[in-house]
Amino acid sequence: MLRNLVIIIFLLHSVRGTTHAQHFIGLHKDEIAGVMKESYSNFKQDKDVVNPSHKYLKYEDFVSEQTVLFFLSDDDRCTLVRWMSAYSNINDMISHLNDAYQKTDDKTWEYKQNGKAYSVKLEDGEWFFTVTIRPKAGI
C-alpha cells in the first residue's frame with residue numbers, strides 16, 4: 001500500500017505540467033536537489049557510490065525499491081533521467097506511461113514539452129526494470 005502511494009505521488013508530480021517537473025531535463029543539479037527534497041522526501045540522495053565516467057545525482061527510495069539517476073552535463077544540467085524499479089511496480093508504471101504519453105510501440109512512448117520532443121523507454125532487466133527519459137534524437 002505504501003509502495004503504491006509513493007509511486008502515485010511520483011507519477012502525479014511527473015504529469016503536473018510544470019516546465020521541468022515532468023522529466024527534470026534542463027534543471028540544474030541544485031534545482032533537482034530542491035525538488036527532490038520538497039516533493040520526494042521518501043527519496044534520499046546517495047553520495048556513497050561514485051562513477052568517475054559519468055556525472056550524475058543518485059536518489060534512492062528503499063521502501064518501494066526505486067532508484068532515480070539524473071545524468072548531468074558539464075554545466076550541471078540534467079540531460080537524461082533513468083528510473084529503476086522493482087518489478088512489483090511495473091503495472092503501475094505502464095499504466096501511468098500509457099495515460100501520460102503517446103505510445104509508439106510496446107515499450108516506448110513520446111511527448112512534447114516546450115516545443116521539444118522526448119522519448120520514454122521501458123527496458124526490462126533481470127531483477128528490475130528501467131524507464132529512461134531523454135530528448136528525441138534528431139529533433
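Values quoted throughout were computed directly from the atomic coordinates according to the rules given, and no laboratory measurement underlies them. What you see is a predicted model, and the numbers here were worked out from it, not measured in a lab. Note: ideal-geometry Cβ built from the backbone for every residue, glycine included; neighbour counts use all protein chains shown.
I need the phi-derived Karplus couplings for the stretch 106-119: 6.51 cos²θ - 1.76 cosθ + 1.60, θ = phi - 60°, integer Hz, Gly and Pro marked x.
3, 9, 9, 10, 8, 7, 10, 9, 6, x, 10, 9, 10, 10
Counting only residues 5 or more places away or on other chains, whose amide H sits under 5 Å from the amide H of Ser119 once H atoms are built in the peptide plane?
Arg134, Lys136
Using each residue's phi in the stretch 129-135, evaluate 6.51 cos²θ - 1.76 cosθ + 1.60 at θ = phi - 60° and report the 3J(HN,Hα) Karplus result to the nearest Hz, with x for Gly and Pro.
Whole-Hz 3J(HN,Hα) from phi for the stretch 129-135: 10, 10, 10, 10, 10, 8, x.
Could you tell me what a quarter of the Cα convex hull surface of the stretch 45-139 works out to, in nm² with one decimal place?
Numbers: hull surface 29.9 nm².
Averaged projected area of the stretch 45-139's Cα convex hull equals 7.5 nm².
List, in order, the whole-Hz ³J(HN,Hα) value for each residue of the stretch 30-38 obtained from phi through the Karplus relation with A = 6.51, B = -1.76, C = 1.60 and θ = phi - 60°; use x for Gly and Pro.
The phi angles translate into 5, 5, 4, 4, x, 5, 4, 5, 7 Hz.
I want to make sure I understand the PRE zone here: with the label point 7 angstrom from the Cα of Ile90 toward its beta carbon, which residues in the stretch 117-139 have backbone N atoms less than 11 Å away?
The answer is 123-130, whose backbone nitrogens lie closer than 11 Å to the label point.
Using a Förster radius of 30 Å, what is the FRET efficiency between Trp127 and Ala100 based on their Cβ-Cβ separation? Nearest 0.05, please.
The pair Trp127/Ala100 has a calculated efficiency of 0.75.
Going by average Cβ neighbours within 10 Å, how do the peptides 61-68, 31-38, 49-56 rank, with the highest at the top? Don't skip to the end; give the middle numbers.
Working: 61-68: 17.5, 31-38: 15.0, 49-56: 9.6.
Packing proxy ranking, top to bottom: 61-68, 31-38, 49-56.
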